[in-house]
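For reference, the structure is listed below as structure tokens.
Computed from the coordinates by the stated procedures, all read-outs in this text should not be read as laboratory data. Note that the coordinates shown come from a computational prediction; the quantities given were computed from them, not determined experimentally. Ideal geometry is used to build each Cβ from the backbone, glycine not excepted, and the neighbour counts take in all protein chains shown.
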Amino acid sequence: MTGQPVLIGGTMGTCSYVLTGTEKGMRDTFGSTCHGAGRAWSRAKSRRNLDYQQVLNQLTADGISIRVASPKLVMEEAPESYKNVTDVVETCHTAGISKKAIKLKPIAVIKG
């Protein structure tokens, strides 16, 4: 069925999206579309290249409240560790396999 909601996660510091399925998507991709931003850096590379406190400071400066169980998770899931979700969503929208509906902005993050 087309028009079904599709949740596309961004990162803890960027937006996420709600898309809707399309007839073209059902026909050409068997109802499949992107399912998130996708990693740009491996978890190990993120831990090597990012500073826990700098990531927390940037999220706070952006008005995002964060609670996390481990500093390692902050670095592994930092916005820099992922591709630009807006670019990924725009590609799916332009290809016609899903349509942009709602853009969501994070206000709080809980990582456990």
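Dividing the mean sequence gap of close Cα pairs (under 8 Å, 6+ apart) by how many residues region 5-110 holds gives a relative contact order of 44 percent.
Computed over neighbours whose Cβ is under 15 Å from that of Tyr17, the net charge equals +3, Lys and Arg +1, Asp and Glu -1.
Pairs of lysine in the chain with Cα under 17 Å and at least 8 positions apart or on different chains: total? Intermediate values should be presented prior to the final figure.
Details: Lys24/Lys99; Lys24/Lys100; Lys45/Lys72; Lys45/Lys83; Lys72/Lys111; Lys83/Lys103; Lys83/Lys105.
Lysine pairs meeting both conditions in the chain amount to 7.
Nearest 10 degrees is fine. How inclined is helix 52-61 to the longest principal axis of the chain, computing both from alpha carbons? Compared with the principal axis, the helix lies near 60 degrees. Of all DSSP beta bridges confined to the chain, the antiparallel ones make up roughly 70%.
For every other residue with a beta carbon closer than 14 angstrom to the beta carbon of Lys100, add +1 if it is Lys or Arg and -1 if Asp or Glu, then tell me the sum.
Values: positive: Lys99, Lys103; negative: Asp87, Glu90.
After counting each charged neighbour, the total is 0.
Ala37 sits among other residues whose Cβ lies under 13 Å from its own Cβ, and their net charge, with Lys and Arg +1 and Asp and Glu -1, is -2. Over all projection directions, the Cα-based convex hull of the chain averages an area of 7.2 nm². Ordering 79-85, 65-71 by mean Cβ neighbour count within 10 Å, with the highest value first, yields 79-85, 65-71.
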